[in-house]
Amino acid sequence: MKKFFETLSNIWKIEELKSRIVVTLGILLVYRFGTHIALPGIDTVQLSELTTKTDGAGLLGILNAFTGGAFAKASVFALGIMPYISASIVVQLMGIAVPYLQKLQQEGESGRRTINQITRWLTIGICLVQAPAYLYGLGALGVPDSAFIMGKGLDFIIPSVIILVTGTIFAMWLGEKITDKGIGNGISLLIMVGIIARLPQAFAQEFVSRVSENNGGLMLILIEIIIWFVVILACILLVMATRQIPVQYARRTASGGYEKNVFGSRQYIPLKLNASGVMPIIFAQAIMFVPSAVASLSDSDTAQSIKAAFSNIFGLYYNLLFAFLIIIFTYFYTAITVPTNKMADDLKRSGGFIPGIRPGKETSDYLDKIMSLITFPGSVFLAIVAVLPSLVINVVGIQHSWALFYGGTSLLIMVGVAIDTMQQVNSYLLNRHYDGLMKTGKNRKVVA
């Protein structure tokens, strides 16, 4: 415990890191405060039916979790950050087929800024569609007409749409500010904080169910917690696992040339088993809203059957499609974020080579082959963890709200974002000659 407090003290000694942490916590506090501000003209007392429908299983439960409960509270942040995620998915998919976006991706920082601007405008367009759908859908979700103090006329709809769109843009801006001025990935942190906010209530419901209703008692609660920690450990191993590719660097001679001999330094290229992080989960989860939404447009028996099948997030068909999309998006996002051609070119320019592999195209093909081989087990394991809640519900019979944290999207996002944030903090400590978070926290000796 003493070493832990020493590490916290070392973190607080680094002014830049301390400032970034304070900015991050402040922005997260603003975001959480905004989730409790209801839209003008809505009586929040009469939202109990909406809260019931979004508390636990179903797509509404996941959407409410991603918004940190703002969806069920008819908050100004009711749409959350999901429109921005959807816009990012569309832009990245279009980047494969649209030459203009492909050109922007190759222009470095200036191209990235232009793509971000396109994503922001597309986010506004998506919000302009989702905001009226949310407002008109409140009645179908059990909110009585008396809850709308000013009625459902244009004098309520138009200002509310403007507020909902502004809320999403403001949340997006908060996330970008965390990324620029704070610590960690801002958008992912906003999602994680919303998910964590529901964790205490979910565990309390499971505890009451097991203890007060004599449904297994404390012993089963203890077993569930142990298995939960095992699943968390498995998720950590998934996020941290890497395949190290040995790289040999030729020794530079005094004349400036390269002397290719065995005395060159050897390093490694770490290729991550799950290079795409939590993005395949977020992408797949966003797409999973589509079948149920499309089926809702028709009253036919087939459409209603599809809607029922894909509205149950613990059902067989939902999880099969969910797992398949995760595998597909893992390959897709890995191909975007791990440019093996550029890695091979950079390696060749720096005088490095993989032993037994020729520099250039052969190196690129080799790296691409290795990435394909390690991405498959990584994507399958990611899909298994994602559908784990449906397995524990059918086998153990735990509460649906607690099952969402027992694996699946919520746990993977929490673990992935937490590790990414800790790694950034760890880099600050190492750069300031302190041991990392996983070590003693004492000052490291610098040898002159």
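The values are calculated or read from the model by the stated rules, or taken from the named source; none is laboratory data. Small disclaimer: the values here were computed from a predicted structure and weren't measured. Glycine also receives a Cβ, built like all others from the backbone with ideal geometry; neighbour counts cover every protein chain displayed.
Assorted remarks:
- Of the helices (runs of 4 or more DSSP H) lying entirely inside the range 288-383, those carrying at least 1 residues that are in contact (Cβ under 8 Å) with a residue 12 or more places away in the chain and either under 22 Å from the mean Cα position of the chain (by Cα) or more than 30 Å from GLN248 (Cα to Cα) (or both) are 289-295, 301-311, 316-337.
- Matching option when the condition is over 30 Å from ASP420 (Cα atoms), touching a residue at least 40 places away in the same chain (Cβ under 8 Å) and either touching a strand residue (DSSP E or B) at 6+ places or on another chain (Cβ under 7 Å) or in the same structural domain as GLU16 (by TED's automatic domain parsing) (or both), among LEU154, LEU141, LEU174, LEU135: LEU141
- Among the residues examined, ALA57 qualifies as among the hydrophobic types (A, V, I, L, M, F, W, C) and either modelled with pLDDT of 80 or more or part of a loop (DSSP other than H, G, I, E, B) (or both).
- Among (1) of a type in the set (S, T, N, Q); (2) in contact with a strand residue (DSSP E or B) (Cβ under 6 Å, 6 or more places away or on another chain); (3) surrounded by fewer than 19 Cβ atoms within 10 Å (Cβ to Cβ) - the single one THR51 does not satisfy: (2)
- For ARG113, the test of being without any contact (Cβ under 8 Å) to a residue 12 or more places away in the chain and either over 17 Å from the mean Cα position of the chain (by Cα) or over 23 Å from PHE310 (Cα atoms) (or both) is passed.
- Some residue of the range 85-94 being among the aliphatic types (A, V, I, L, M), surrounded by fewer than 22 Cβ atoms within 10 Å (Cβ to Cβ) and modelled with pLDDT under 80: yes
- All of (1) closer than 28 Å to ILE281 by Cβ; (2) loosely packed, with under 14 Cβ neighbours inside 10 Å hold for LEU164 with one exception: (2).
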